[in-house]
1. By average Cβ neighbour count within 10 Å, what is the ranking of 95-108, 35-48, 67-80, 7-20 from highest down?
2. On C-alpha positions alone, give me the angle between the axis of helix 144-168 and the longest principal axis of the chain, in degrees, nearest 10.
3. Over the chain, with every protein chain in place, what whole percent of the accessible area is carbon and sulfur at 1.4 Å, could you tell me?
4. Which value, in Å², gives the accessible area per residue of the chain when a 1.4 Å probe is used on the protein heavy atoms?
5. Relative contact order of the range 1-132, please, whole-number percent, based on alpha carbon pairs below 8 angstrom and at least 6 residues apart.
6. I'd like the distance separating the alpha-carbon centroids of the range 104-144 and the range 61-100, in whole Å.
7. Please turn the phi angles of the range 102-110 into ³J(HN,Hα) values with the Karplus equation 6.51 cos²θ - 1.76 cosθ + 1.60 (θ = phi - 60°), one per residue in order, whole Hz, x for glycine and proline.
8. Restricting to lysines 8 or more places apart or on different chains, can you count the pairs in the chain with Cα atoms under 20 Å from each other?
Amino acid sequence: MNTKNLVLMALLVGVGATLYVVTPGMVNGMKPDFMLTMMFIGILLFPTIKETFLLSLATGVLSGLFTTFPAGLVPNIIDKAVTGFVFLAALIVIKKLTSNFVVSAGLVGLGTILSGTVFLAVALFVFNANVGATFAVLFVGVVLPAVVFNVIAFAIIYPIVAKLVKRSKFNTAISI
């Protein structure tokens, strides 16, 4: 791993953590996870297993530490690990077929749905989190709005980061 790449990934995670902390909760303390958007941007910039593991672990732990959802630490770590590697696999397959911004934004939306589903399944069914709401209520009330927020955030942030990365001569796989 390159030090410049590690610094950029740390900056992405830091921006994501800041956005995550200042975003108010929606249903039962759950809120859109902007760290997820930054993880996706990091994976798009550095689509390797090592970088994906590092980004998934860092965003999972920080999301878990900052969550307001009961028993949310372990579900956040599991959800980011699963989502990060599924996103990487999908990215590798899709890049062989096509590579454009709209497809990447769609992948971010699907990744957010996967992340929310895994998080809720682990929190509600494995850890039996008592939040007074059903899976469906939380999915419709939090996950679906988070998809919209994350795709919009991606559409705003990714072109800026991609342009800065190209100017800075980072060793990335940017082709979007």
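The values are calculated or read from the model by the stated rules, or taken from the named source; none is laboratory data. As the structure is a computational prediction, the values presented were derived from the model and not from experiment. Backbone-built Cβ (ideal geometry, glycine too); neighbour counts: all protein chains shown. Accessible surface areas use protein heavy atoms only, side chains included; no ligands, DNA or RNA. Shrake-Rupley method; radii C 1.70, N 1.55, O 1.52, S 1.80 Å.
1. Peptide ranking by packing, descending: 35-48, 67-80, 7-20, 95-108.
2. Between helix and principal axis, roughly 20 degrees.
3. Carbon-and-sulfur percentage of accessible area, whole number: 75.
4. Per-residue accessible area for the chain comes out at 47 Å².
5. 22
6. 12
7. Running phi through 6.51 cos²θ - 1.76 cosθ + 1.60 with θ = phi - 60° gives 5, 5, 5, 5, x, 5, 5, x, 5 Hz.
8. 9
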